[in-house]
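Student: Dropping the structure in here first, questions after.
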Amino acid sequence: MKTTHNHLTLNFNRSTLSYTICHKSTFWQTKSDFEPFIKIGENTILFKSAETIVHRPVHTGVGSGFTSCYSGFKLNGEEITLEFETYVWIEHSTNDIFFEFIPIKDISTSIDYVSWPAPFDFKNNSSDWYTLLPKQQGLLIPNNWETKFQPDGFNGRFGTSGAYLPFFSQVKDKEGYIAISLTPWNMGYDAVHPANSDYTSVNFRLENSLGKMEYRRVMRYSFLEDCDYNDICKFYRKFAIETGRLKTLNEKAVQNPSINCLIGCAFVHTGIKTCVQPDSDFFDPENPEKNNHLTTFEQRAEEIKNLHELGINKLYLHLDGWANPGYDNNHPDYLPACIEAGGWKGMKLLADTIQSLGFLFGIHDQYRDFYKSAESYSDDLACMNPDGSIYSHKRWAGGSQSYLCTGKALYFIKRNFNEIKKNEINLDCAYLDVFTCNEGDECANPNHRMTRRESYAYRNECFNYLLSQNILPSSEEVNDWAIKSLVFCHYAPYDFMLEKPGSPKKGIPVPLFNLVYHDCVIEPWMMDKAHENEDYMLYALLNGGAPYLIRDPAYPGIDGAFSTQNKLKLSDDIKRSKIVSEFHEKVAKSELIKHELLDDTGRKQASTFANGYKIIADFDNSSFEIVKVF
């Protein structure tokens, strides 16, 4: 079956269920050895195993293509109720190709995921053939890259740190495509690049929602010529504008002018109280001194005054463990302020000291982890699985926990933040932990049933509430779904920054996210000299970000906090921080219009911003140059 429009041809092979797309003179053919399938537990059901498969051409007023209806499946020899269609078509006004998976009759046994459409055959031993993955800040994998790519715990799920942006892309000899999920809430990408191979394979994974495949999944493939990863990202930026999800810092500052005060700040991340419960996975019975420690609010106030005296004139303090239970304990019943550290009066002293110096003050808070030690804890408020069970774990300091249904989060935020305000503590900022790095939650409790899409919407409602109180919202990382509401984050790193320094990179780090959204959100960057040939300060400059002056880890050994990293003198940290802060003030509100790899390995890079500033960095000798090019 075949359809053609404006130099774009779509062929469908009914016997192999494969597709070939010709964009002008460039061919994109799905892998012949890949068979689309449905995963149910340990079982794999192939599309082609359907008893009845009916294909038909479709021509509408907006495009042309073909549908395929699949029915009559068996699982372990028994018939199951499963029927679905695929609809693949060319939109004539844009020359985009849409792939749609449409459930007709759902299966009683939970489908885990559907793997369709097949990945393109992308085999060629060339660095001019590469794959773009939106894993955290961004990753470019040349076909001949020596290191294996393997997914992390988020497994490429859109809306998480595994995919800040809901797309992937491939470019071969400057001809490329971008595959965008238009329904990303229960989708992700599967990517494979074996070590020392000559290919990368990537395709969509369509996951269930509350155990079912009840709604249509839509993917849009757009084809570009004479392009590179900059063009791919700028194509997506136009899509973000078209769909209303792009909102710049300039636009956000109209509602909340204090955003301007955050630009150019040195970030200080430190805490008050740590208390690791005996049932926590982090509890260390052999070294009990590591489980609990305390710093008073007054001590922190003196430290901030000292930084001011040392020449820091713009600073933001992110305060962990400020409440009586201690860091990552007892949420959402976190109040009052830590009594041992000085209570509400001590916390007010710290806030007033910071603000009297012209600095900004914000707190760490948490409305996903639902600790069973909290008085408010109830299974009735926790996220329920479709089988009626309540997922729980005990990884973090507070021990045993479930997840709070996101639809309940805002009620607790209002309760807690009103109490903070009653105690005359004026917050400039607030950090709602994990919302932008963890997947949206789902809840099958019939009293507050929630899909993953609704969970993301509820999280944005929490950010918007803070904005309405003139409190700038932050979360752990960044994400496409949160851009309109989020002002800043804890970090938006490259994936290798969260691994032990010296670990081989899975590709070349490129700022895919910032090429789309740099002027929409403030990102602080790690400033470590990880080792002699890896100075993270250069990444901060290349990404036009803010600097971490002090970053005390809540959990050493994870989140990029490794004791092996080289520590500098405070005076050197301040000097480096000032350089990054000054550059951030110049470019924070400017679009990152171009990023360049000046050699094949990514050791030399350059970034150009819309207001004419350009940063050129050389990682081999830890040098950089800032110039004004227009």
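Student: Would you mind finding the one in Gly159, Gly77 that is at pLDDT below 95, small (Gly, Ala, Ser) and out of contact with any strand residue (DSSP E or B) (no Cβ under 8 Å at 6 or more places or on another chain)?
Tutor: Unique residue meeting the criteria: Gly77.
Student: Given (1) surrounded by fewer than 14 Cβ atoms within 10 Å (Cβ to Cβ); (2) within 26 Å of Leu262 (Cβ to Cβ), where does Val629 come up short, assuming only one miss?
Tutor: Result: Val629 passes all but (2).
Student: Does any residue of region 532-541 turn out to be under 15 Å from the mean Cα position of the chain (by Cα), of a type in the set (Phe, Trp, Tyr) and crowded, with 19+ Cβ neighbours inside 10 Å?
Tutor: No.
Student: What's the total number of residues in region 581-599 that are more than 16 Å from Asp519 (Cα to Cα) and in contact with a strand residue (DSSP E or B) (Cβ under 8 Å, 6 or more places away or on another chain)?
Tutor: Total meeting the criteria: 3.
Student: Which is surrounded by fewer than 19 Cβ atoms within 10 Å (Cβ to Cβ), out of contact with any Lys or Arg (no Cβ under 7 Å at 6 or more places or on another chain) and at pLDDT 95 or above, of Lys569, Lys586?
Tutor: Of Lys569, Lys586, the one residue that is surrounded by fewer than 19 Cβ atoms within 10 Å (Cβ to Cβ), out of contact with any Lys or Arg (no Cβ under 7 Å at 6 or more places or on another chain) and at pLDDT 95 or above is Lys586.
Student: Restricting the search to region 268-326, which residues are among the small types (Gly, Ala, Ser) and closer than 15 Å to Ile339 by Cα?
Tutor: Gly271, Gly321, Ala323, Gly326, listed by residue number.
Student: Name the residue that is farthest from Gln137 (Cα to Cα), counting only residues in region 435-448 that are surrounded by 20 or more Cβ atoms within 10 Å (Cβ to Cβ) and of a type outside the set (S, T, N, Q).
Tutor: Out of the qualifying residues, it is Cys443.
Student: Could you tell me whether region 552-561 includes any residue that is closer than 30 Å to Thr274 by Cα, touching a strand residue (DSSP E or B) at 6+ places or on another chain (Cβ under 6 Å) and outside any loop (DSSP other than H, G, I, E, B)?
Tutor: Scanning region 552-561 turns up no residue that is closer than 30 Å to Thr274 by Cα, touching a strand residue (DSSP E or B) at 6+ places or on another chain (Cβ under 6 Å) and outside any loop (DSSP other than H, G, I, E, B).
Student: Answer yes or no: is there a residue in region 21-30 that is part of a helix (DSSP H, G or I), over 24 Å from Gly156 (Cα atoms) and basic (Lys, Arg).
Tutor: Scanning region 21-30 turns up no residue that is part of a helix (DSSP H, G or I), over 24 Å from Gly156 (Cα atoms) and basic (Lys, Arg).
Student: Continuing with the same structure: For region 74-164, list the strands (runs of 3 or more DSSP E) that sit wholly inside it and hold at least 3 residues that are surrounded by fewer than 17 Cβ atoms within 10 Å (Cβ to Cβ); which are they?
Tutor: Those strands (runs of 3 or more DSSP E) span 78-91, 96-105.
Student: Quick one: Ser71 ticks every box in (1) within 20 Å of Tyr215 (Cβ to Cβ); (2) of a type in the set (Gly, Ala, Ser); (3) part of a loop (DSSP other than H, G, I, E, B) except a single one, so which number is it?
Tutor: (3)
Student: Right, something else. For a quick check of your reading: which strands (runs of 3 or more DSSP E) sit entirely within region 175-242 and have at least 3 residues that are over 20 Å from the mean Cα position of the chain (by Cα)?
Tutor: 175-181, 217-224
Student: Next up: With the requirement that a residue be surrounded by fewer than 21 Cβ atoms within 10 Å (Cβ to Cβ), closer than 25 Å to Glu242 by Cβ and not polar (S, T, N, Q), what does region 182-205 give you?
Tutor: Leu182
Student: Output the qualifying pairs, or none if there are none: Cβ atoms under 6 angstrom, residues six or more apart or on different chains, first residue in region 567-587 and over 15 Å from Tyr536 (Cα atoms), second residue aromatic (Phe, Trp, Tyr).
Tutor: Lys586/Tyr613; Val587/Phe609; Val587/Tyr613
Student: Would you pick out the residues in region 324-354 that are without any contact (Cβ under 8 Å) to a residue 40 or more places away in the chain and outside any loop (DSSP other than H, G, I, E, B)?
Tutor: Gly343, Lys345, Asp352
Student: Give me the residue from region 254-273 that is of a type in the set (A, V, I, L, M) and touching a residue at least 12 places away in the same chain (Cβ under 8 Å) and, out of that set, nearest to Leu182 (Cα to Cα).
Tutor: Ile259
Student: In region 458-494, which residue that is acidic (Asp, Glu) and crowded, with 22+ Cβ neighbours inside 10 Å is farthest from Trp525 (Cα to Cα)?
Tutor: Asp480
Student: Something else now. Restricting region 490-542 to residues that are part of a helix (DSSP H, G or I) and among the acidic types (Asp, Glu), which is nearest to Pro151 (Cα to Cα)?
Tutor: Asp495
Student: Now for a different question. If I ask for residues that are buried (at least 16 other Cβ atoms within 10 Å of the Cβ) and of a type outside the set (A, V, I, L, M, F, W, C), which ones from region 247-261 would you list?
Tutor: Lys247, Thr248, Lys252, Asn256
Student: Please identify the pairs in which a residue from region 453-468 that is under 17 Å from Lys252 (Cβ atoms) has its Cβ atom under 8 Å from the Cβ atom of a residue that is among the polar types (S, T, N, Q) and surrounded by fewer than 23 Cβ atoms within 10 Å (Cβ to Cβ), counting only partners at least 6 apart or on another chain.
Tutor: Within 8 Å, the pairs are Asn460/Ser485; Phe463/Ser485; Asn464/Ser485; Leu467/Gln255; Leu467/Asn256; Leu467/Ser485.
Student: Please find, among Gly264, Gly271, Gly244, the residue that is buried (at least 19 other Cβ atoms within 10 Å of the Cβ), out of contact with any Leu (no Cβ under 9 Å at 6 or more places or on another chain) and more than 30 Å from Phe27 (Cβ to Cβ).
Tutor: Gly264
Student: Of these, Leu404, Leu350, Leu410, Leu317, which one is surrounded by fewer than 22 Cβ atoms within 10 Å (Cβ to Cβ) and either out of contact with any strand residue (DSSP E or B) (no Cβ under 6 Å at 6 or more places or on another chain) or of a type outside the set (Lys, Arg) (or both)?
Tutor: Every option except Leu410 fails the conditions.
Student: Among the residues of region 391-419, which ones are touching a residue at least 60 places away in the same chain (Cβ under 8 Å) and part of a loop (DSSP other than H, G, I, E, B)?
Tutor: Lys394, Arg395, Trp396, Ala397, Gly398, Gly399, Ser400
The values are calculated or read from the model by the stated rules, or taken from the named source; none is laboratory data. Computed from a predicted model, the values in this text were never measured in an experiment. Positions of Cβ are generated from backbone atoms using ideal geometry, with glycine treated the same way; all protein chains shown enter the neighbour counts.
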